[in-house]
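*Asks:* Structure provided below as structure tokens; questions to follow.
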Amino acid sequence: MSDKAQGASPRRIGLLGGTFDPVHIGHLRSALEVADMLALSELRLVPNARPPHRDRPQVSPEQRLAMVQQAVQGVATLQVDGRELLRERPSYTIETLEAVRAELATGDQLFLLVGWDAFCGLPGWHRWEELLWHCHIIVLQRPDADSEPPDALRNLLAARAVSAPSGLEGPAGSIAFVWQTPLAVSATQIRQLLASGKSVRYLVPDAVLAYIEAHGLYRAPN
């Protein structure tokens, strides 16, 4: 691991993975709110190359990466981490966490942001029991998410959950919940609108819309 100068404050790094097919204002607004709430040094958006639990994205990894880069341009807190796109196999979060943690100083805090549905699915993730060795988990809990977590997570929550994100201490090891009211927009909705020739203005940043239009993405085949 890298070493920091003695006396330097620990960095606070967040990771938000997704297919971003395409990235939209819901992703970005949620990311910015959490970055501000947790006073993150930076929040990295991590496009997945081949997510094991989802269908293959409609456009190429390079195009999705380019759209995310366009979307965060000029926003200092939001960064893009394209390392998963370099893998020639499914993307596993544990491997990304291991790689990022190896680049940080010992005391730096690493936060993995996941939605409630993804959190409930953690027992199906590759080496999921090791996630908290490398990071804190921030669960983006929707007000309408009233489902119960599976039994495999109950003991983990009892042992590792803290009452508020401000109570997260140390570089890794705890779980906290952030309540958010998400914007009513989805990538599926955007793809459907584009395929039918309708406008998605104001659902994606202007720079992303310009990229989609310039490359003819998501259009229905003639």
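*Asks:* If you check Arg201, Arg219, Arg191, which single one turns out to be under 25 Å from Leu32 (Cα atoms) and open to solvent by 80 Å² or more (accessible area, probe 1.4 Å)?
*Replies:* Just one listed residue meets the conditions, Arg201.
*Asks:* Shifting gears a bit: Is it true that some residue in the stretch 87-108 is among the aromatic types (Phe, Trp, Tyr) and open to solvent by less than 40 Å² (accessible area, probe 1.4 Å)?
*Replies:* no
*Asks:* Between Ala145, Ala172, which is at pLDDT 95 or above and closer than 25 Å to His27 by Cβ?
*Replies:* Ala172
*Asks:* Within the set of pairs 6 or more residues apart or between chains, which connect a residue that is in contact (Cβ under 8 Å) with a residue 24 or more places away in the chain inside the stretch 100-112 to a residue that is small (Gly, Ala, Ser) and crowded, with 18+ Cβ neighbours inside 10 Å with Cβ atoms less than 7 Å apart?
*Replies:* Partner pairs satisfying both residue conditions: Leu110/Ala172; Phe111/Gly14.
*Asks:* Is the stretch 168-175 home to any residue that is open to solvent by less than 40 Å² (accessible area, probe 1.4 Å), free of Cβ contacts under 8 Å to residues at least 60 places away in the same chain and of a type in the set (Gly, Ala, Ser)?
*Replies:* There is at least one residue in the stretch 168-175 that is open to solvent by less than 40 Å² (accessible area, probe 1.4 Å), free of Cβ contacts under 8 Å to residues at least 60 places away in the same chain and of a type in the set (Gly, Ala, Ser).
*Asks:* Look through the stretch 204-216, keep the residues that are buried (at least 18 other Cβ atoms within 10 Å of the Cβ) and among the hydrophobic types (A, V, I, L, M, F, W, C), and return whichever of them is nearest to Asp146 (Cα to Cα).
*Replies:* Val204
*Asks:* If you don't mind, there's one more thing I want to ask. Look through the stretch 40-59, keep the residues that are assigned to a loop (DSSP other than H, G, I, E, B) and at pLDDT 95 or above, and return whichever of them is least open to solvent (accessible area, probe 1.4 Å).
*Replies:* Across the stretch 40-59, the extreme among qualifying residues is Leu40.
*Asks:* Could you please let me know if Pro171 is part of a loop (DSSP other than H, G, I, E, B) and within 17 Å of Ile94 (Cβ to Cβ)?
*Replies:* Against the criterion (part of a loop (DSSP other than H, G, I, E, B) and within 17 Å of Ile94 (Cβ to Cβ)), Pro171 qualifies.
The values are calculated or read from the model by the stated rules, or taken from the named source; none is laboratory data. Computed from a prediction, not measured in an experiment: that's the story for all the values here. Note: ideal-geometry Cβ built from the backbone for every residue, glycine included; neighbour counts use all protein chains shown. Each accessible area value is taken on the protein alone, full model and side chains, heavy atoms only, with ligands, DNA and RNA left out. Shrake-Rupley method; radii C 1.70, N 1.55, O 1.52, S 1.80 Å.
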